[in-house]
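Throughout, read-outs are computed from the coordinates displayed, never taken from laboratory work. Since the structure is predicted, the reported quantities are computational estimates derived from the model, not experimental observations. Using ideal geometry, Cβ is built from the backbone for each residue, glycine included, and neighbour counts are taken over all protein chains shown.
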Amino acid sequence: MTVKPVSMTYPETYFAGAYWGARKETPEECARRTADFLNLLSSCDPVLAQWYKPARSLKDARRHSLMPPDLPTLTEMFRRGVNRERGGPAIERLGYSFWFGNGESGADSADLRVTCGDYSGANPNSCVLPLPKKGPSVERILTAPVLTSVVRSMVRPWEPDWAFATSDSYAAAHQEADSAPFSLGWVTYLSNHLGRVPPLPAPVRIEPVEDKGTLIVLTPERFTASNPDHVALAERVRELLDRAGLLKPLQVQP
């Protein structure tokens, strides 16, 4: 694992993400998963309850709401987001991708970036949510209960191999080896097929997610890369997960 020095001259920012391996899906299937996710996400916080189609300006974006989720609109967005060579046909094996925002500027701005339907393994499938950076919404959202709900809302529709919510600074400074199947976060989800999560030290909390996998919440207080106790706890948990075989490279299916 590569560890880089952390310079904390600015408030830490956070994001959540879900990641899964090659999975062939149509634009319609990607749209259905996205709609289910948006409906679940909307209950996590008011800032995460409204989303808009990409546009040249915030004013234009706010004219084209994606809520409640409209399957034909989402399907068309995925179709337009297909990978292709300039002037050439669509490269369907690379899947579909697009991004959209919550129509806010400054403090309450949030984005969603989705890549779905890649079955080549060259363009990893993911749903990534950079969270608001400052303002009153940050105090509501950057808590263990809310981020746990955000990660849970990702797990049900996307069925990822792993998902997490964490500090950008921590993720940048504590990168897993390329062979590791996942990175550790403040809140981490591991699919059951990765293996069984072992007992972990307090104050770490372990929660099942239906019959799909396990959530690991490192600390009930806000996890930061500038807190040496938090970093030490994360390293201890990582060691235990490694001993349990959860950091072994995933077997690539033919």
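A few comments on the model shown:
- Net +/- balance of residues flanking Asn192 in space, Cβ distance below 13 Å, scoring K and R +1, D and E -1: -2
- Shown for Met67, Met77: other C-beta atoms within 10 Å of each C-beta, ranked fewest to most, produce the order Met67, Met77.
- Additional length obtainable on full extension of the chain from Asp70 to Gln175, 0.36 nm per residue less Cα span: 34.1 nm
- Legend: distances between Cα atoms for Lys53/Lys134; Lys53/Lys212; Lys24/Lys133; Lys24/Lys248; pairs beyond 28 Å are Lys53/Lys212; Lys24/Lys133.
- For Gly213, distant residues with modelled amide H under 5 Å away: Asn192
- Amide H to amide H distances under 5 Å link Val82 with Ser97, where only residues 5 or more positions off or on other chains count and H is placed in the peptide plane.
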